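What follows is a short report on a single structure.
The values are calculated or read from the model by the stated rules, or taken from the named source; none is laboratory data. All figures in this text were calculated on a predicted structure; none of them were measured in a lab. Methodologically, a virtual Cβ is constructed for each residue, glycine included, from the backbone with ideal geometry; neighbour enumeration extends over all protein chains shown.
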Amino acid sequence: MAKDQQDLPLAGAPESAAAFDRAVADYWGLTGDPVGGLKSALAADPSFALGATAIADLFLIGGFRGDHSEVTSALAAAEAAIGGASERERRHLAAAKAWAAGRAFESERIWDDMLADHPRDALALRLVEDAHFFHGHSLAIRDSAARVLPAWERGNPLTSFVLGAYAFGLEESGELGRAEAVGREALAGNPADGWATHALAHVFETANRQEEGIAFLKSTRANWRPAHFMAGHNGWHLGAFLIELGRFDEAIADYDRFAAPKLADDLTLDRVDAASLLWRLELAGVDVGDRWRPVAEAWMRHVDDHVSAFNDLHLALAAARSPDAGDAARVRASLDAYQRLGAGDNHRVTVEVGRALVDGMLAFGAGDDSAAIDALSSARNEAIRIGGSHAQRDIVAQTLIAAAERSGRWRLARALLAERAAVRPTERVKAAYDRARTKAA
């Protein structure tokens, strides 16, 4: 039996273990083609059970449904090879099957349990970090990394990535000073780590250090731009900083140069970022022209996926602003069917939280501010359950404020802006609060 770079046994040939190491490094670094490399190795070595499982994992983490042919064929290949695999590899397969069946929280528990036994299982660690992020489990993002960090020596080629993951968890848990220190340590070890860059961008965002965030992301762009979808997402952070400072022309130019072309890749996070940036620009009063059309077209190809309430929230943004007036109705009809027929963790979150947020965004897009306020207010305090980061979910608060302002409910707007100014005392927020206070008097 071969072993991976972390000295953990793998069913298959030594060449398969080498391919696995490359794929895991690419997964952490958001580089290369980890799926392609694993598929080639599996074709040459059908006993490569963890390779097949990892293929399914990567498609599932990328937003594919559990019944997609890429997922089901990879799981079938893993099942066929699992007889010669270790107990750890069997647990990996169990986690992948649980995720595919809609039991993603069970997958998180399996991976965390595995890491207690095998703290240098690099695949399990990256998967559970992503899963915690997708489900809004902020403290778990921090703690999953903290529990294993002592096992990662500073000479290990993946340790800088583990530090970057820990830095992001610290930020999402509100520990900004430690997050910045650990993030900078990660980047000192590997300046090309797009996720550690992302962690620092979150620190600057949460701490209202927009100018520093802009300077940081612009000065390091050559390092993080090759990091696949994280390049687009770090660009999203740059755009959010620019919007907060009222530098709208720069934000639009960056969107056109970096975000819009990535829609052709049909990656979930690229669609999320494009919709979120355009919506934020419009909330700030910017005319984005016909830029919604390709975003809506890209999202509507996934109208029936429903793998994540967070994704569906951004689908709703695109449908609400689509030039095709029927798109919003298609989203509602698809979610109606999903609520009736769906099952699993995401279904529960959608029914209890996500649907209200979707309805609120669709109502806002249709100009029904009263309905938007009612829907968004009912779910905003539980929005963390749909997943994503604090910065991404801030779009809910921004839209609620805009609906209150647009409908002339100035006392509500004043209250919401007072709340916002307490944590985000930027010039734009303070000016909006002063305007609301005057009109509410």
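In this structure, does Asp327 turn out to be under 23 Å from His228 (Cα atoms), among the charged types (D, E, K, R) and modelled with pLDDT of 95 or more? It would help to see each step written out before you state the result.
On the way: under 23 Å from His228 (Cα atoms): no; among the charged types (D, E, K, R): yes; modelled with pLDDT of 95 or more: yes.
Answer is no for this residue.
Each row is one residue, and each column tells you yes or no for (1) surrounded by 20 or more Cβ atoms within 10 Å (Cβ to Cβ); (2) at pLDDT 95 or above; (3) aromatic (Phe, Trp, Tyr).
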{"residue": "Ala81", "(1), (2), (3)": "yes, yes, no"}
{"residue": "Gly84", "(1), (2), (3)": "no, no, no"}
{"residue": "Arg88", "(1), (2), (3)": "no, yes, no"}
{"residue": "Ala95", "(1), (2), (3)": "yes, yes, no"}
{"residue": "Ala98", "(1), (2), (3)": "yes, yes, no"}
{"residue": "Ala101", "(1), (2), (3)": "no, yes, no"}
{"residue": "Glu106", "(1), (2), (3)": "no, yes, no"}
{"residue": "Trp111", "(1), (2), (3)": "yes, yes, yes"}
{"residue": "Asp121", "(1), (2), (3)": "yes, yes, no"}
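Return the residues of the stretch 38-56 that are in contact with a Ser or Thr (Cβ under 7 Å, 6 or more places away or on another chain) and either among the basic types (Lys, Arg) or within 15 Å of Pro9 (Cα to Cα) (or both); say none if nothing qualifies.
At the first step, the residues of the stretch 38-56 found to be in contact with a Ser or Thr (Cβ under 7 Å, 6 or more places away or on another chain) are 41, 45, 48, 51.
Within the stretch 38-56, Phe48, Gly51 meet the criteria.
Tell me, please, whether a residue that is assigned to a helix (DSSP H, G or I), under 30 Å from Gly189 (Cα atoms) and not basic (Lys, Arg) can be found in the stretch 91-106.
Checking the stretch 91-106: at least one residue is assigned to a helix (DSSP H, G or I), under 30 Å from Gly189 (Cα atoms) and not basic (Lys, Arg).
Check Gly408, Gly367, Gly388 and return the single one that is modelled with pLDDT of 95 or more, part of a loop (DSSP other than H, G, I, E, B) and within 21 Å of His237 (Cα to Cα).
Selected residue: Gly388, the only one of Gly408, Gly367, Gly388 that is modelled with pLDDT of 95 or more, part of a loop (DSSP other than H, G, I, E, B) and within 21 Å of His237 (Cα to Cα).
What is the residue count in the stretch 1-39 for residues that are among the hydrophobic types (A, V, I, L, M, F, W, C), closer than 22 Å to Ser160 by Cα and surrounded by 17 or more Cβ atoms within 10 Å (Cβ to Cβ)?
Number of matching residues: 9.
Yes/no matrix, rows are residues, columns are (1) on the phi < 0 side of the Ramachandran plot; (2) assigned to a helix (DSSP H, G or I); (3) crowded, with 20+ Cβ neighbours inside 10 Å; (4) in contact with a His (Cβ under 9 Å, 6 or more places away or on another chain):
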position	(1), (2), (3), (4)
Arg126	yes, yes, yes, no
Asn156	yes, no, no, no
Gly164	yes, yes, yes, yes
Pro191	yes, no, no, no
Trp195	yes, yes, yes, no
Ala199	yes, yes, yes, no
Val203	yes, yes, yes, no
Asn208	no, no, no, no
Ala215	yes, yes, no, no
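Within the stretch 40-52, track down each residue that is surrounded by 20 or more Cβ atoms within 10 Å (Cβ to Cβ) and part of a helix (DSSP H, G or I).
Within the stretch 40-52, Ala41, Leu42, Ala49, Leu50, Gly51, Ala52 qualify.
Working only within the stretch 320-352, note down all residues that are among the aliphatic types (A, V, I, L, M) and buried (at least 16 other Cβ atoms within 10 Å of the Cβ).
So the first thing to find is which residues in the stretch 320-352 are among the aliphatic types (A, V, I, L, M), and the list is 320, 325, 328-329, 331, 333, 335, 337, 341, 343, 349, 351.
Within the stretch 320-352, Ala320, Ala328, Val331, Leu335, Val349 qualify.
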